[in-house]
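The values are calculated or read from the model by the stated rules, or taken from the named source; none is laboratory data. As the structure is a computational prediction, the values presented were derived from the model and not from experiment. Glycine also receives a Cβ, built like all others from the backbone with ideal geometry; neighbour counts cover every protein chain displayed. SASA here: full protein model, heavy atoms, side chains in, ligands and nucleic acids out. Shrake-Rupley method; radii C 1.70, N 1.55, O 1.52, S 1.80 Å.
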Amino acid sequence: MLNVRNHSRDSAGMKYVYPVVSRRAGGVSIGINLNVNNACNWACVYCQVPDLKRGGPPPVDLNQLEIELRRFLQEITTGDFLIKQAPPEARRLVDVAFSGNGEPTSAAEFAEAVERVAQVMREFGLLENVKLRLIT
């Protein structure tokens, strides 16, 4: 079961998409990790990513990102993911957030990734009620 202390990027078994319970947002957040190699060129003093190394992310497979997000949103919107994996007080989707293991905007494909994520959210009827965030 998800909880506010476990923000593992591997919990869903996907490359780019992962769920977390966000205590700040009060529900489940779908994370989008574009820095799958733990590399970042910003080195922010407040960074919480363990084992971060200098560099940039590898090329993002936008098709795979889209497939993963679509599959995960299907589980959230029509499956029993929230009942099985989220505590009762967090059983709602609050946002889709570009976050992850490094600075999301350092990916060359960032702008197109945002467009694709927004399109998938629009297809699920979520863009009006679920926030699309950038955690930088």
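Set Lys and Arg Cβ to +1 and Asp and Glu Cβ to -1, take the dipole of the chain about its Cα centre, and tell me which of Val60, Leu126, Ile83 lies farthest positive.
Sorting the options by dipole projection puts first Ile83.
First compute the accessible area of the chain with a 1.4 Å probe, then give the percent of it belonging to carbon and sulfur atoms.
Of all accessible area on the chain, carbon and sulfur atoms account for 49 percent.
Rounded to whole Hz and in sequence order, give me ³J(HN,Hα) for segment 112-122 from the Karplus expression 6.51 cos²θ - 1.76 cosθ + 1.60, θ = phi - 60°, writing x for Gly and Pro.
5, 4, 4, 4, 5, 4, 4, 5, 5, 4, 4
In nm, what is the difference between 0.36 nm times the number of residues separating Arg91 and Arg122 and their Cα-Cα distance?
Stretched fully, the Arg91-Arg122 segment lengthens by 9.1 nm.
Probe radius 1.4 Å, ligands and nucleic acids left out: which of Val36, Val45 has the largest accessible area, and how do the rest follow?
Largest to smallest exposure gives the sequence Val45, Val36.
Can you list residues whose amide H is under 5 Å from Ala97's amide H, if they're 5+ apart or on another chain and H is modeled 1.01 Å from N?
For Ala97, whose amide H was placed from the backbone, the distant partners under 5 Å are Ile30, Gly31, Ile32, Arg133.
Which whole-number percent is the relative contact order of the chain (Cα, under 8 Å, 6+ apart)?
29 percent
How would Ile83, Ile135, Ile30 rank on accessible area, largest to smallest, probe 1.4 Å?
Ile83, Ile135, Ile30
Mind checking which lysines have their Cα closer than 21 Å to the Cα of Lys53? Skip sequence neighbours fewer than 8 apart in that chain.
Lys15
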